[in-house]
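Visitor: Input: one structure, supplied below.
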Amino acid sequence: MRSLIMAAAISLAFTLFLTPVFLRLFRKWGWGQVIRTPESVHNPSHEAKRGTPTMGGVIFIVGSIVGYFTGVLVSGEVPALSALLVIWLMVGFGAVGFIDDYMKVKSQRSLGLSGWRKVIGQLLVIIPFGVVALNFPNRWGQTPASASISLFRDITWLNLFAFGVVLGWILYLAWIAVIGVATSNSVNLTDGLDGLAAGAGVLVVGAYSLIAFWQFKQPCIGGDPDALGGCYEVRDPFNLAIISASFAAGLIGFLWWNAPKAKVFMGDVGSMAIGGVITAMAILTRTELLLLVIAGVFVLSSGSVILQRAYFKVTRGKRLFLMSPFHHHLEMRGWSEVTIVVRMWIIAGLLAVTAVGFFYVEWLTRVH
């Protein structure tokens, strides 16, 4: 418990107090925000944000890593493979976002990596993640990830390797790739208003930290014999709780500077890193389908874009929303930015609490 608290405290302090130092460097390097043309035309207030330091996701990525390793090593523990996989996906997806941001900043245009290049970059990160996660068992035979699709735990009859090893690997890698690409791009779409993605990310990742900690308290190996019916076959759950708590705390510190009116934007490097952490936590805590509820606020953003495009094609030019993602539709309806952000935070919190509640109720049904 000491390592978890220490990791979160260090990550929080890092982003809260060192962000001004990073901002001076960002201004020196010319890392100013480039506003997308449609946003500036339809929402003139967005034009005023041009030049605000961006790529701030670098700050909470570094803060989370510093917090995790300090908390673990000072407490005399050893970094676990599962936590290292979370860091891999966080840094890897963040790197794809960094390249996209850097291209925009250098050209001073809103065109960075094309959509397919982003997806290819994400696949180059998540495929090695998937391969490692399904190998390297510990002494009890537990691997970080599972061959089955999961909800609150593995759904055994949805084993992806049921039709053979080769097809199993193809299905498994395709499955986690869909989760990773969809989640990271959903967070990226949500990052359109000051503090929106950061605040929602705190609530979603915080919920995963609670889930991982609960799994740590209910292990199948060495756990309470009376509660074995509800135990969890999850590898390194305490380390998963530490890295997710460190990341959530880092986001809180960053949010101090990112809340309206933002002094810094996270950029694609930040939004994709958040997506990477959420993806990794869903896969490694064996709660992949529950992700749709826990991260429902991000699903809302990407879902509104999909609906908008589908409706536009079906009706041959009509629009379902004034603008997508959904938070920009609310802006066009006259809602203030702060009102939208706070209410989206409330939605994110309610969905995260609901998901954790479902998770707990499922456990109760197994032990009583």
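The values are calculated or read from the model by the stated rules, or taken from the named source; none is laboratory data. Since this is a predicted model, take the numbers as computed values, not measurements. Positions of Cβ are generated from backbone atoms using ideal geometry, with glycine treated the same way; all protein chains shown enter the neighbour counts. Accessible surface areas use protein heavy atoms only, side chains included; no ligands, DNA or RNA. Shrake-Rupley method; radii C 1.70, N 1.55, O 1.52, S 1.80 Å.
Visitor: Output yes when any residue across segment 289-298 is open to solvent by less than 10 Å² (accessible area, probe 1.4 Å) and either in contact with a strand residue (DSSP E or B) (Cβ under 6 Å, 6 or more places away or on another chain) or not in a helix (DSSP H, G or I) (or both), and no when none is.
Guide: Within segment 289-298, one or more residues are open to solvent by less than 10 Å² (accessible area, probe 1.4 Å) and either in contact with a strand residue (DSSP E or B) (Cβ under 6 Å, 6 or more places away or on another chain) or not in a helix (DSSP H, G or I) (or both).
Visitor: Restricting the search to segment 155-173, which residues are aliphatic (A, V, I, L, M), open to solvent by less than 50 Å² (accessible area, probe 1.4 Å) and out of contact with any strand residue (DSSP E or B) (no Cβ under 8 Å at 6 or more places or on another chain)?
Guide: Scanning segment 155-173 gives a single hit, LEU173.
Visitor: Additional query: Every residue in segment 106-130 that is without any contact (Cβ under 8 Å) to a residue 24 or more places away in the chain and either in contact with a helix residue (DSSP H, G or I) (Cβ under 6 Å, 6 or more places away or on another chain) or closer than 28 Å to PHE216 by Cβ (or both), please.
Guide: LEU113
Visitor: Another question, then. From the set of residues in segment 63-82 that are over 25 Å from GLY130 (Cβ atoms) and out of contact with any Leu (no Cβ under 8 Å at 6 or more places or on another chain), which is surrounded by the fewest Cβ atoms within 10 Å (Cβ to Cβ)? Please lay out each step first, then the result.
Guide: In the first step, residues of segment 63-82 are kept if they are over 25 Å from GLY130 (Cβ atoms); the result is 63, 66-67, 70-71, 73-77.
Now restrict to residues that are out of contact with any Leu (no Cβ under 8 Å at 6 or more places or on another chain): 66, 70, 73-77.
Values: VAL66: 19, THR70: 18, LEU73: 12, VAL74: 13, SER75: 15, GLY76: 8, GLU77: 14.
It comes out as GLY76.
Visitor: Given the residues LEU123, LEU85, LEU111, LEU89, which is the only one that is surrounded by fewer than 22 Cβ atoms within 10 Å (Cβ to Cβ) and part of a helix (DSSP H, G or I)? Break it down stepwise before answering.
Guide: Numbers: LEU85 fails: surrounded by fewer than 22 Cβ atoms within 10 Å (Cβ to Cβ); LEU111 fails: part of a helix (DSSP H, G or I); LEU89 fails: surrounded by fewer than 22 Cβ atoms within 10 Å (Cβ to Cβ).
Among LEU123, LEU85, LEU111, LEU89, only LEU123 is surrounded by fewer than 22 Cβ atoms within 10 Å (Cβ to Cβ) and part of a helix (DSSP H, G or I).
Visitor: Given PHE238, PHE247, PHE254, which one is open to solvent by 10 Å² or more (accessible area, probe 1.4 Å), assigned to a helix (DSSP H, G or I), aromatic (Phe, Trp, Tyr) and touching a helix residue (DSSP H, G or I) at 6+ places or on another chain (Cβ under 6 Å)?
Guide: Result: PHE238 is the single residue among PHE238, PHE247, PHE254 that is open to solvent by 10 Å² or more (accessible area, probe 1.4 Å), assigned to a helix (DSSP H, G or I), aromatic (Phe, Trp, Tyr) and touching a helix residue (DSSP H, G or I) at 6+ places or on another chain (Cβ under 6 Å).
Visitor: Could you run through segment 129-147 and say how many residues are open to solvent by 10 Å² or more (accessible area, probe 1.4 Å) and not β-branched (Val, Ile, Thr)?
Guide: Step one: filter segment 129-147 for residues open to solvent by 10 Å² or more (accessible area, probe 1.4 Å), giving 131-132, 134-143, 146-147.
From the residues that got through so far, the ones that are not β-branched (Val, Ile, Thr) too are 134-142, 146-147.
Count: 11.
Visitor: Give the residue that is modelled with the highest pLDDT, with candidates limited to residues of segment 21-68 that are touching a His at 6+ places or on another chain (Cβ under 7 Å) and assigned to a helix (DSSP H, G or I).
Guide: The residue in question is GLU39.
Visitor: Now for a different question. Restricted to segment 329-368, and to residues that are open to solvent by less than 40 Å² (accessible area, probe 1.4 Å) and without any contact (Cβ under 8 Å) to a residue 12 or more places away in the chain, which residue is farthest from PRO260 (Cα to Cα)?
Guide: The residue in question is GLY357.
Visitor: Looking at (1) in contact with a helix residue (DSSP H, G or I) (Cβ under 8 Å, 6 or more places away or on another chain); (2) open to solvent by 30 Å² or more (accessible area, probe 1.4 Å); (3) among the charged types (D, E, K, R), find the lone condition where ASP268 falls short.
Guide: Result: ASP268 passes all but (2).
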